[in-house]
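Structure, as structure tokens:
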Amino acid sequence: MGLHAGETYQYDTMFPAEHLPGTHWIHPHYHGSTSLQVSGGAAATLIVNDPVGFLPDQIANADEYIMLIQHFDLGNTANIAAQSGDQHFDFTGADVEFLTNSGVVNPTIVVASGEWIRARVVYAGWMAGAMDMEIDLASGAGSCEMQLLAKDGIYLADFPREITTARLPPGGRADIMIRCIGNGATFQMTGVGGLNAGMIAVNQNTRNSIDMQA
């Protein structure tokens, strides 16, 4: 069914008891309008929670951050709207290209030095090409590391797996453990041609986490 502006509707979906936990996403599938709608921001994260005791305590008890990465290219979307005959998409200001992380441009996540966090990353992409998410030192002294847990909602048989780049194709998902070290340091997350996807700021607290490979 279709919804008009200002209307609401509650969708109920039943998951079978044997459904695996994982990170997923939802977006419109109206024939002929998927690129227009997704490039305009119509997407959301869908999490199937892990059962109690399913994961090691270090992962299960880590602070969790949902990162729905969306790529906005206003000029390109305007061209799609024109080609499809759409009369609704419009924007004011400059023809810009940027990423949002859960609806925010380049948000900052504050963590303790040495603290493992779990990032549920969804690339709600609509163009060809992968989002190569990387974390680089922006200021101060320190370093970050990433350990891959799952891809596309499925846990790796040999997790955790150390990575330096998280390659996500359009619609791809990745569950990643991230740890940054360096009191006062900041780190820049990037993706899709080096566009900013968020900052990690390390505060003055220190939290000694067990090594992921132990």
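Relative to the Cα centre, the charge distribution of the stretch 124-179, modelled as +1 at Lys and Arg Cβ and -1 at Asp and Glu Cβ, gives a dipole magnitude of about 120 debye.
Translational diffusion coefficient of the chain at 25 °C, 0.890 mPa s, Stokes-Einstein with Kirkwood Rh over Cα pairs, in µm²/s as a whole number. Once the numbers are plugged in, D ends up at 131 µm²/s. The angle separating the long axis of helix 74-84 from the principal Cα axis of greatest extent in the chain is about 40 degrees.
Neighbours of Gly129, meaning other residues whose beta-carbon lies under 12 angstrom from its beta-carbon, give a summed charge of -1 when Lys and Arg score +1 and Asp and Glu score -1. Rounded to two decimals, the Cα radius of gyration of the stretch 94-187 over 2.2 N^0.38 Å is 1.15.
Rolling a 1.4 Å probe across the protein heavy atoms gives the chain an accessible surface of 55 Å² per residue. Averaging the sequence gap over all C-alpha pairs within less than 8 Å and six or more residues apart, then dividing by the number of residues, gives the chain a relative contact order of 22 percent. Convex hull of alpha carbon positions in the stretch 157-198: directionally averaged projected area 4.1 nm².
The values are calculated or read from the model by the stated rules, or taken from the named source; none is laboratory data. Note that this is a predicted model, so its numbers are computed, not measured. Quick reminder, even Gly has a Cβ in these numbers, built from the backbone with ideal geometry, and neighbours come from all protein chains shown. Protein only, heavy atoms only, side chains kept; ligands, DNA and RNA dropped before computing areas. Shrake-Rupley method; radii C 1.70, N 1.55, O 1.52, S 1.80 Å.
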